[in-house]
Amino acid sequence: MRGLRLLPGDINLSFIPRRKIFFAFSILLLISSIGLYLTNGLNYGIDFKGGILIEIKTTGGPADVKAMRSNLSDLGVGEIGLQEFGAPDEVLIRIQAQEGGEQAQQLAIGKVKTALGSGIEYRRTEFVGPKISDELFWDGIYAVSAAIFAILVYVWFRFEWQFGLGAIVALVHDVISTIGVFALLGLEFNLSTVAAILTIAGYSINDTVVVYDRVRENLRRYKTLPFTELLNKSVNETLSRTVMTSVTTLLALLALYILGGEVIRGFSFAMIWGVLIGTYSSICLAVPVLLYMKIERRSSSGGEGAAAEQVP
């Protein structure tokens, strides 16, 4: 594996000098994401909206969604949504939560099965009540908030508080942009998506910590090197590792997205976007923001003469 490189080891790209371009792009992305969330909202799944979810497969060929919708429209069970779910013979049926507890939900499911008739294979039937969906929604928010706070504390203790703020800037950027993409594309936002966001947070901070570790090392080695050059040097020295990690992760996620089926497609898509935006933010946001924070150069080795020393 020593000879396997996607980038040359002596690469020297100008990331930090172009920080204003990256900042402008990220600000535009965040504003767009927030605007899309406020205007379009999120397509909340049954986990957060509550209701009945039925996954079916027609045994006699492709499903006639139009005819099914016509048969189910007059059942008196409230709003019903149908959509193809992967293959042409697979359909996902969503029914709003019924008033009257579990017995009312079972009655609605029975009406749907009667209206659909024979030739149907029922693969999955789920029900989430309004109270549970509300609890799941807030639990998801608490989980993401707690993860961000824990990451701030971790980076603060491992490095300095300035590094912790830089990591949080990148992390919040990743989370908000992911929500914006889901609002733009209308993809279902459910507990799997929350799990993906938490995974994205872990992946993003892993990349960020690797670069920060090299920044700290170079701060001890190069006492007279201008801070802008030192940060750019640190990014380039870790760039090959960052790209290799991202590409190999994306290969696995693309296979999961293509072959994993419709059930986990939302999760896979969120992870693919998260790896891309997490890699970008670790390089183009988390490191450049350190320029605007007062970081002391502490050293246990090196000195004035260390400016010419080369990092192995």
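The values are calculated or read from the model by the stated rules, or taken from the named source; none is laboratory data. Keep in mind that this is a model prediction, so the values were computed, not measured. Here the Cβ positions follow ideal geometry from the backbone for every residue, glycine too, while neighbour counts run over all protein chains shown.
For the stretch 168-218, which positions are of a type in the set (D, E, K, R) and out of contact with any Asp or Glu (no Cβ under 7 Å at 6 or more places or on another chain)?
Result: ASP174, GLU188, ASP207, ASP213, ARG216, GLU217.
Taken over the stretch 10-30, the criterion of being hydrophobic (A, V, I, L, M, F, W, C) and more than 16 Å from LEU285 (Cα to Cα) is satisfied by ILE11 alone. The set of residues in the stretch 25-63 that are in a loop (DSSP other than H, G, I, E, B) and at pLDDT 80 or above comprises ASN40, GLY41, LEU42, THR59, GLY61, PRO62, ALA63. Only residues that are among the aromatic types (Phe, Trp, Tyr) and in contact with a Leu (Cβ under 9 Å, 6 or more places away or on another chain) were counted across the stretch 23-47, and they come to 1.
Residues of the stretch 242-266 that are surrounded by 16 or more Cβ atoms within 10 Å (Cβ to Cβ), of a type outside the set (Gly, Ala, Ser) and under 16 Å from SER282 (Cβ atoms): THR242, VAL243, THR245, THR249, LEU250. Looking across the stretch 133-177, the residues that are touching a Gly at 6+ places or on another chain (Cβ under 7 Å) and touching a residue at least 12 places away in the same chain (Cβ under 8 Å) come down to SER133, LEU152, VAL155, ASP174. Just one of (1) surrounded by fewer than 20 Cβ atoms within 10 Å (Cβ to Cβ); (2) at pLDDT below 90; (3) under 20 Å from LEU198 (Cα atoms) fails for ILE272. It is (2).
Out of ALA63, ALA143, one residue alone is of a type outside the set (D, E, K, R) and not assigned by TED's automatic domain parsing to the domain that holds TYR257. It is ALA63.
Report yes if some residue within the stretch 82-90 is buried (at least 17 other Cβ atoms within 10 Å of the Cβ), without any contact (Cβ under 8 Å) to a residue 24 or more places away in the chain and closer than 30 Å to GLY260 by Cβ; otherwise report no. Yes, because at least one residue in the stretch 82-90 is buried (at least 17 other Cβ atoms within 10 Å of the Cβ), without any contact (Cβ under 8 Å) to a residue 24 or more places away in the chain and closer than 30 Å to GLY260 by Cβ.
Put simply, of LEU256, LEU198, LEU239, LEU225 the only residue that is farther than 16 Å from GLY278 by Cα, assigned to a helix (DSSP H, G or I), of a type in the set (A, V, I, L, M, F, W, C) and assigned by TED's automatic domain parsing to the domain that holds VAL289 is LEU256.
Residues that are modelled with pLDDT of 80 or more, of a type in the set (Ser, Thr, Tyr) and more than 31 Å from the chain's Cα centre (by Cα), at least 1 per element: which helices (runs of 4 or more DSSP H) completely within the stretch 73-189 meet that?
Answer list for the stretch 73-189: 101-116.
Just checking, does the stretch 27-35 include any residue being surrounded by fewer than 13 Cβ atoms within 10 Å (Cβ to Cβ), closer than 30 Å to ARG241 by Cα and either under 24 Å from the mean Cα position of the chain (by Cα) or not assigned by TED's automatic domain parsing to the domain that holds LEU184 (or both)? Yes - at least one qualifying residue is present in the stretch 27-35.
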